[in-house]
Amino acid sequence: MHGPVPAAWLLVALCAATGAYCLLRMRSAVQEQRRAAGGEALMGFGMAVMAVPAAVFTPPRWAWPLYAAVFGAAALRALWSARSTPHHLHHLVGTAAMVYMSAAMAAAPPGAHHEHGGLGVPPLTGALLVYFTGYVLHSGARLVPAAVAVAGSGPVRWGDRPELARVCRLSMGIGMVAMLLAM
């Protein structure tokens, strides 16, 4: 995920801020919201680490298989959770995309992370780009009339605000598109 340095730092900031807000959402009184926020925090911070410009920090070769293992475990958890909550299918796609990007970085020769050998976009990368672009467009459209509070329930805590949870997911989708484009 080694694109232009200023764009990479913006992506790092976006993903880290999203991960931090998801940690705040983990304090919610609603168990399902806490569970989803934990997975989203992992994604946000993982994406932030992967987006750090290579000129500043290049992870050692052994780090990429470690990232793949961590996100593989998160994918298994999302698969298990998807049995009862369809929203976790999106988490499954996101964690699988992180496994794919980690594996691609592990397999790439050093210094060749943004070369595809003249073959164009790999089919899996293209499919993930289509999915996340559609997700971003759909999520952005759903943001427009987001409810701020449930009628009669009093003030809503920061961790329970539905429009902020949607923004969190939208920003991670945008980050995923940027990372896939930079592969």
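Summary table below
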| read-out | value |
| --- | --- |
| Segment 5-182: C-alpha gyration tensor shape, a/c 1.5 cut-off, then a/b vs b/c | prolate |
| Residues Met43, Met183, sorted so that the one with the fewest Cβ neighbours within 10 Å comes first | Met183, Met43 |
| Nearest-0.05 FRET efficiency for Ser84 and Trp9, computed from C-beta distance (R0 41 Å) | 0.60 |
| Spin-label pair Ala73/Ala107, simplified geometry with 7 Å Cα→Cβ offset, distance in nm | 2.4 nm |
| Gain in span if fully extended, Ala127 to Ala20, counting 0.36 nm per residue against the direct Cα distance | 35.6 nm |
| Net lengthening on full extension, Val144/Arg61 (0.36 nm per residue, minus Cα-Cα) | 25.6 nm |
| Segment 5-91: relative contact order as a whole-number percent, Cα under 8 Å and 6+ apart | 29 percent |
| Segment 5-182: relative contact order as a whole-number percent, Cα under 8 Å and 6+ apart | 28 percent |
| Ranked Phe45, Phe57, criterion: other C-beta atoms within 10 Å, fewest first | Phe57, Phe45 |
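Every read-out reported here was derived from the displayed coordinates using simple, explicitly stated rules and does not represent laboratory data. Quick caveat, the model's predicted, so the values are computed rather than measured. Note that each Cβ is placed from the backbone with ideal geometry, even for glycine, and that neighbours are counted across all protein chains shown.
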